[in-house]
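Participant: Have a look at this one.
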């Protein structure tokens, strides 16, 4: 027996101002989070984007086609109640950032990493005032404490809604520096994703592409683009 799925019951979807921001109404009913809170978002643009997602539902509701709604729910129910913990969790990526751990070889891979990652670390050093050390291999290296404090402050400057999108920028790329580069319009989400996959792409060139791995990579690319879009909708 198939599981019951919620189905569309509304005719119209509207985005409108409310106390504390903007909300979305299905006919006369405000959209609720999974925890039954009224969904209230910080910008009209975000509310309109969520309204489009709900209006595009036909028949059974498909949450996987509603990424902006999902990020907004997470901002209210997961990030806001544990704001400081989320900041610390994401900032900690700077301690072992992907861009700081390089291959010993082959030389082609070493050069690709340097060409792709050095400019971002230079930006982190010069613009963010947070220089990070690099090493060959996976042995842990301790980063300058002042740089980690600075990076923590960068993450702490984001709102709960921004952090909801920023979380996936960090988690999918595996790099706080790449995520900050996207958030601050230094690079695009697509560029950040490609830079985070230098090792995997090099391996695929040597041994061929695995169909399942390629499918997973494609889904991650869509997800990181969605995260960047949500971050931008925060205003």
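Each reported figure results from applying straightforward, stated rules to the coordinates on display, with no laboratory input. Only a predicted model underlies this, so the values are computations on that prediction, with no experimental measurement involved. Quick reminder, even Gly has a Cβ in these numbers, built from the backbone with ideal geometry, and neighbours come from all protein chains shown.
Participant: Would you pick out the residues in region 25-49 that are over 23 Å from the mean Cα position of the chain (by Cα) and under 17 Å from residue 233 (Cβ atoms)?
Facilitator: 31
Participant: Hey, can you tell me all the residues within region 27-55 that are under 24 Å from residue 160 (Cβ atoms) and part of a strand (DSSP E or B)?
Facilitator: 30, 32, 38, 41
Participant: Looking at region 83-101, which of the residues that are surrounded by fewer than 17 Cβ atoms within 10 Å (Cβ to Cβ) and in contact with a helix residue (DSSP H, G or I) (Cβ under 9 Å, 6 or more places away or on another chain) is nearest to residue 40 (Cα to Cα)?
Facilitator: Per the criteria, the residue is 83.
Participant: Let me ask something else about it. Filter region 56-71 down to residues that are in a helix (DSSP H, G or I) and in contact with a helix residue (DSSP H, G or I) (Cβ under 6 Å, 6 or more places away or on another chain) and give me whichever is nearest to residue 29 (Cα to Cα).
Facilitator: Taking the candidates together, the pick is 69.
Participant: Now a separate question. Hey, residue 208 hits all of (1) in contact with a helix residue (DSSP H, G or I) (Cβ under 6 Å, 6 or more places away or on another chain); (2) without any contact (Cβ under 8 Å) to a residue 60 or more places away in the chain but one; which does it fall short on?
Facilitator: (1)
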